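Worksheet for the structure shown next.
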Amino acid sequence: MAGGGGGGGAAPKQDDLTPHPVKDQLPGVSYCITSPPPWPEAILLGFQHYLVMLGTTVIIPTALVPQMGGNNEDKAVVIQTLLFVAGINTLLQSFFGTRLPAVIGGSYTFVLPTISIILAGRYANEPNPHTKFLRIMRGTQGALIVASALQIIVGFSGLWRNVARYLSPLSAAPLVALVGFGLYELGFPSVAKCVEIGLPELILLVIFAMYLPHTVHMLKSIFDRFAVLFTIPIVWLYAYLLTVGGAYRNAPPKTQFHCRTDRSGLIGGAPWIRVPYPFQWGAPTFDAGEAFAMMAASFVALVESTGAFIAVSRYASATPIPPSVLSRGIGWQGIGILLDGLFGTGNGSSVSVENAGLLALTRVGSRRVIQISAGFMIFFSILGKFGAVFASIPAPIFAALYCIFFAYAGSAGLGFLQFCNLNSFRTKFILGFSVFMGLSVPQYFNEYTSVAGYGPVHTHSRWFNDMINVLFSSKAFVAGFVAYLLDNTIHRHESSVRKDRGYHWWDKFRSYRTDTRSEEFYSLPFNLNKFFPSV
């Protein structure tokens with residue numbers, strides 16, 4: 001800026017002194033929900049979403065199936081089934097649920113009750129590993145089928161709509177933030193399990209997505225939009241060369257498992273062509289205690305998915321999601337968990353947080369792209385060998401992606417603070433306390449469990465223990481619950497408080513009909529709004 005007379009700088013313009021204006025919709029998004037990119041670009045972006053969701057889809061069965069007694073063939077079939085059902089659930093959610101570009105896939109929330117089922121006494125004396133695997137899988141199926149009823153009832157009855165109407169930007173911020181930031185242990189700690197391939201992936205992704213677009217202007221939209229498709233093959237090839245070059249020949253088994261490209265056992269175990277079908281493991285079995293524990297996980301997944309749906313709506317440049325649409329989406333997610341139980345995925349479903357982060361990286365929030373990715377999920381789940389090739393990408397490469405995508409998802413929560421008064425001590429207390437407790441309480445539960453072998457709640461009733469331990473092991477659930485409770489009980493009727501918490505900003509989105517843009521983003525296809533009206 002040019003200097004003025006008398007040695008003083010020129011007075012700043014008025015615009016420079018004005019804070020950034022509040023935005024109902026996130027600006028800078030290249031393609032929103034209803035504006036799809038050209039078909040070739042949409043197909044590549046859809047394949048990229050498929051690659052990103054593969055990480056969770058592979059990691060969860062890889063951890064659980066051996067504990068159940070399953071072999072590599074069983075693991076490959078479970079991964080295929082999880083992928084197949086994820087494709088169906090993603091299509092159902094994008095057509096009839098929230099209509100947001102959200103991928104519905106496997107969820108870490110359901111791992112804890114599944115491990116509890118694996119350790120149940122009724123399976124301990126089974127000598128045959130394969131028979132044990134089938135019995136445990138049937139028990140998991142029964143628990144998931146019962147647990148799905150919770151989300152179906154809460155969602156389709158409109159009960160969750162009434163809860164969501166009291167959500168303000170202040171109480172949404174900690175919930176959405178910890179949906180992403182709360183998964184930090186799946187980021188760099190997993191990268192470090194094979195740092196020589198995980199770290200290059202992380203560094204390359206940052207360079208391709210953030211630096212190259214501003215250096216090579218002609219290819220700007222290609223580098224930042226397809227950074228994952230550029231970097232994964234480069235690092236995967238590098239990992240393959242290390243493997244065949246004998247870099248891990250004398251390494252410990254754990255290092256070989258994480259670093260080598262030929263240790264997953266998926267390509268050999270996967271059939272060429274196989275269509276997953278309901279009750280493929282046999283008839284489900286039901287146990288009240290296991291069902292209650294899974295219902296607790298279902299409730300936690302419901303809360304976490306609420307935060308993830310809010311993040312997805314932001315990155316798709318949509319208006320804040322109306323409570324009735326959110327409730328409808330939760331109902332369809334319940335149907336997704338029911339399908340998990342019927343097909344036998346060994347795991348429940350929720351909104352994929354990493355794919356929400358990918359929306360932010362690519363700045364493409366198109367519904368069509370996600371529907372194409374669902375097509376890839378179904379296609380590669382049926383063609384087992386081809387799908388297994390991609391599924392054998394070493395886990396530290398996926399962990400490197402998580403470092404960026406979970407961060408993006410978490411920052412969507414911080415974005416809602418623009419609607420709040422951050423100079424209010426009430427705001428500071430609710431925000432700081434809820435985030436702190438959201439990190440601190442689950443840390444206590446996890447530390448206690450790792451030392452004692454069981455959770456802090458340890459009564460004679462195993463199902464009660466599992467329920468409470470599952471609830472308070474979720475960072476997003478604890479943070480969201482504390483923020484929601486405090487925000488709706490501390491002086492909330494005062495007019496200044498209403499403004500401080502940003503409640504007035506979201507007033508017009510509390511009903512589907514009070515904002516004309518709701519029809520554009522959230523209306524059902526095939527004129528179904530006539531029969532299933534949103535309120």
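Helix by helix, which DSSP H runs in the chain go 24 Å or more along their axis at the Cα atoms and have an average Kyte-Doolittle hydropathy of -0.5 or more? Result, helices passing both filters: 39-68, 72-96, 129-156, 227-244, 288-315, 323-343, 395-415, 425-452. Highest-first packing order for the peptide set 115-123, 426-434 is 426-434, 115-123, based on the mean count of other beta carbon atoms within 10 Å.
The tail of the calculated P(r) for the range 205-277, taken as Cα-Cα distances beyond 16 Å, holds 65 percent of the pairs. Between the amide H of S350 and those of G105, S107, distances stay under 5 Å, these residues lying 5 or more places away or on another chain, with hydrogens modeled in the peptide plane.
For the chain, which whole percent of the accessible surface, found with a 1.4 angstrom probe, sits on carbon and sulfur atoms? That fraction is 67 percent.
Against the compact-protein benchmark of 2.2 N^0.38 Å, the Cα-based radius of gyration of the range 97-230 scales to 1.55. Once the cut-off is 27 Å, how many percent of the Cα-Cα pairs in the range 282-432 end up in the long-distance tail? The answer is 37 percent, as a whole percent. Its Cα gyration tensor gives the range 253-353 an equivalent ellipsoid. The semi-axes, each the square root of 5 times an eigenvalue, are 31, 22, 15 Å from largest down. The listed peptides 503-515, 142-154, 219-231, ordered by packing as a protection proxy, come out as 142-154, 219-231, 503-515 (highest mean of other Cβ atoms within 10 Å first). Share of pairwise Cα-Cα distances greater than 22 Å in the range 17-176 is 60 percent (whole percent). When the listed pairs K220/K428; K193/K475; K220/K385; K75/K193; K254/K385 are checked against a 28 Å cut-off, the alpha-carbon distance exceeds it for K220/K428; K220/K385. Compactness of the range 435-476 was expressed as the Cα radius of gyration divided by 2.2 N^0.38 Å, which yields 1.12. For the pair N72 and L241 in one chain, pulling the backbone fully straight at 0.36 nm per residue adds 58.4 nm over the alpha carbon distance. Solvent exposure of the range 411-533 amounts to 56 Å² per residue of accessible area, where only protein heavy atoms count and the probe is 1.4 Å. Debye sum, Cα scatterers, the range 381-535, no solvent: what log₁₀ I/I(0) at q = 0.17, 0.19 1/Å? Each listed q maps to, in turn, -1.11, -1.13. Computed over the chain, the quotient of the alpha carbon radius of gyration and 2.2 N^0.38 Å is 0.98.
Largest first, the extents of the alpha carbon coordinates of the range 168-236 on the three principal axes equal 42, 32, 16 Å.
Taking the square roots of 5 times each eigenvalue of the Cα gyration tensor of the range 358-428, largest first, gives ellipsoid semi-axes of 37, 16, 8 Å.
P(r) for the range 401-458, from all Cα pairs and a bin width of 5 Å, is 4, 15, 15, 17, 16, 15, 11, 6, 2 %, short bins first. When the Cα atoms of the range 444-517 are aligned to their principal axes, the ranges along those axes come out at 52, 28, 20 Å in descending order. Based on Cα atoms of the range 323-409, Rg over Rh with Rh as the Kirkwood radius reads 0.99.
For the range 130-173, backbone nitrogen atoms closer than 18 Å to the point 7 Å from A283 Cα along Cα-to-C-beta are found at 134-146. Here is the size of the range 46-97 from its Cα atoms: Rg then Dmax, 12.6, 38 Å. Overall size of the range 187-319 from C-alpha positions, given as principal axis extents largest first: 58, 53, 33 Å. Measuring spread by the Cα atoms of the range 12-112 yields a radius of gyration and Dmax of 20.1, 70 Å.
The values are calculated or read from the model by the stated rules, or taken from the named source; none is laboratory data. Worth saying up front: this structure is predicted, and the values here are computed from it rather than measured. Quick reminder, even Gly has a Cβ in these numbers, built from the backbone with ideal geometry, and neighbours come from all protein chains shown. Just so you know, the surface numbers come from the protein's heavy atoms only, side chains and all, with ligands and any DNA or RNA stripped out. Shrake-Rupley method; radii C 1.70, N 1.55, O 1.52, S 1.80 Å.
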